[in-house]
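**Q** Before I ask anything, let me first share the structure, which is written out below as structure tokens.
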């Protein structure tokens, strides 16, 4: 258990700057996700934390101690790789016990701790299995046990679930979080999957092109996206361009044929702004109801949990998501009315 | 529409290659064995000599043969060890350090000597190390009073290493290339330093390449006779030279065949031991393999 601080990391590859002044901290025992599209630099940050990559500038502190110049084998950090990176020449027990052996732990203790670690990841009795005989999920559990068995101060997970199929992935999300809580280890998790980040994390750092777009807990980051990129990357919000207006102390973003209530967060009346409205913030209503806006439904797409209703609010394209029955009886081509249910819609200055 | 006839894979397909193998490997070996029990050389225009055990008793009693065999094995060992020591870093650099687009270039540099005749390579090396050659002149010019070591065992070793190093590099390269960077990184992060990462991860995983490298270097080196003959001097004779002279100079094919058979058996036994030892080492380090 340890606190991790990353300060002003810069890194370039061949004159292409992949990290621009990255700073963040993870509280002891917290689960932090680095979320972003591929190429945003999230894996590079991880590799700098564990010492496989050297930053051009900046430092990494573990429990207040600068480890920037410490070699990877001395950092006492656990890492789980995307493709597991299990040693194919060793069986499960030797894989898990490798780190202990390198730390010259006596053999009896290695055996005991390896069994404990395998119990922890629910692979008790797998000691003598060959790595190649295991399924993807099992291999990832072995990798997790191998990273945890030495009791490192920090655990790093580099897209550990992306090679697994959907069902196993959901199971492992839960499992990893559970184990992390049980062990209480400070964890940094790299992913490009927003759902994964939202489900698993205490804190999320959203990265884009080498800088931090937003940092916060999952709820805040989802409901109050700080930038256009954030609103688009997490849950793909509708961006409606309009004019900021005030009426009776309430603020709205108004367009040609719509008016949406927003939370005032800077800007003055008459500014052209973009409101970020999530598909599930809309509800259907009758013409003349308060806050009703005309919506032209063009296409209905069934996505399982909900319907995706593609259409236009005034002139601007909008995707509305409606749970199962709510979309019953709505025909493609219909002219309807919608209003905004949420009262915390954010907007961005253009 | 005409139905396409599908050709089913069939074990008979192996016949041409198996036949070739039979013709070019098994048959000569059988002939070698046969000749071992013949007196003198039946192809040298002599009358049918009849069967004999004489070759074998002569071989058993021959001090020269056993001395030369021992010396050849020693030379083979030295050359192989030097090749392994030199090839690991080279293969590592090619597989892991050199950027991917330059690897082809490195590969060409390694196999370049194959484009030249073996004899030319030997003469080039001789030229380099002879008295008054480039190396000695250079050493003398900077004040080191070095004497040429041409026509010594050291020269034989040097030339053999020069000739066989590429095989070892290529064998090690192919198996080191297959070791994912992630495995090396995982080992480092788990607390192993570079040396232990080599002994625990790289060595066991490159052992198959190492074994084929040893096979490709050790076996031909032990049996070599051209190099010791050209650069080894009067004391440089190896067992290959003795066998060669039985065929070429003494026209005693029977005796040559016996010596060849014994050399073959000794090499097979040694390779079996090396292979077994490597597998054991691999197992003791890595659990099961």
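**Q** Quick one: which of B:132, B:63 is within 24 Å of residue B:245 (Cβ to Cβ) and loosely packed, with under 11 Cβ neighbours inside 10 Å?
**A** B:63
**Q** Same structure again: What single numbered condition from (1) within 9 Å of chain B (Cβ to nearest Cβ); (2) closer than 21 Å to residue B:282 by Cβ; (3) surrounded by fewer than 18 Cβ atoms within 10 Å (Cβ to Cβ) fails to hold for residue A:100?
**A** For residue A:100, the exception is condition (3).
**Q** For segment A:68-77, give me each residue that is within 14 Å of chain B (Cβ to nearest Cβ), over 26 Å from the mean Cα position of the chain (by Cα) and part of a loop (DSSP other than H, G, I, E, B).
**A** Passing the criteria: A:70, A:71.
**Q** Also, I was wondering about something else. Name the residue that is farthest from the other protein chains (Cβ to nearest Cβ), counting only residues in segment A:49-67 that are without any contact (Cβ under 8 Å) to a residue 40 or more places away in the chain and surrounded by 17 or more Cβ atoms within 10 Å (Cβ to Cβ).
**A** Restricting to residues being without any contact (Cβ under 8 Å) to a residue 40 or more places away in the chain and surrounded by 17 or more Cβ atoms within 10 Å (Cβ to Cβ), the top hit is A:67.
**Q** Do any helices (runs of 4 or more DSSP H) entirely within segment B:90-201 hold 1 or more residues that are more than 14 Å from chain A (Cβ to nearest Cβ), and if so, which?
**A** It comes to B:100-111, B:118-129, B:134-141, B:153-177.
**Q** Please enumerate the residues belonging to segment A:253-282 that are more than 29 Å from the chain's Cα centre (by Cα) and surrounded by fewer than 22 Cβ atoms within 10 Å (Cβ to Cβ).
**A** Within segment A:253-282, A:254, A:255, A:256, A:257, A:259, A:267, A:268, A:269, A:270, A:271, A:272 qualify.
**Q** Right, another one. Listed residues B:209, B:254, B:236; which is within 14 Å of chain A (Cβ to nearest Cβ), on the phi < 0 side of the Ramachandran plot and in contact with a helix residue (DSSP H, G or I) (Cβ under 6 Å, 6 or more places away or on another chain)?
**A** After applying the criteria, what remains is B:209.
**Q** Okay, next question. Take segment B:185-201 and flag every residue that is without any contact (Cβ under 8 Å) to a residue 60 or more places away in the chain and out of contact with any strand residue (DSSP E or B) (no Cβ under 9 Å at 6 or more places or on another chain).
**A** B:187, B:188, B:191, B:192, B:193, B:194, B:195, B:196, B:197, B:198, B:201
**Q** Within the bounds of segment A:18-38, is there any residue that is more than 20 Å from residue A:222 (Cα to Cα) and part of a helix (DSSP H, G or I)?
**A** No, that holds for no residue.
**Q** Take segment B:233-250 and flag every residue that is touching a residue at least 60 places away in the same chain (Cβ under 8 Å) and surrounded by 15 or more Cβ atoms within 10 Å (Cβ to Cβ).
**A** B:233, B:236, B:237, B:238, B:239, B:240, B:241, B:242
**Q** What about residue B:119, is it surrounded by fewer than 16 Cβ atoms within 10 Å (Cβ to Cβ) and modelled with pLDDT under 95?
**A** yes
**Q** So residue A:327 passes all but one of these: (1) more than 22 Å from residue A:244 (Cα to Cα); (2) surrounded by fewer than 16 Cβ atoms within 10 Å (Cβ to Cβ); (3) touching a strand residue (DSSP E or B) at 6+ places or on another chain (Cβ under 9 Å); (4) modelled with pLDDT under 85. Which condition number does it fail?
**A** (2)
**Q** Taking the criterion of being closer than 19 Å to residue B:95 by Cα and either touching a strand residue (DSSP E or B) at 6+ places or on another chain (Cβ under 7 Å) or more than 14 Å from chain A (Cβ to nearest Cβ) (or both), would at least one residue in segment B:217-227 satisfy it?
**A** No.
**Q** Also, I was wondering about something else. Pick out the one residue from A:2, A:85, A:93 that is away from chain B (no Cβ under 14 Å) and not in a strand (DSSP E or B).
**A** A:2
The values are calculated or read from the model by the stated rules, or taken from the named source; none is laboratory data. Everything numeric in this text was worked out from a predicted model, so none of it was measured. Note that each Cβ is placed from the backbone with ideal geometry, even for glycine, and that neighbours are counted across all protein chains shown.
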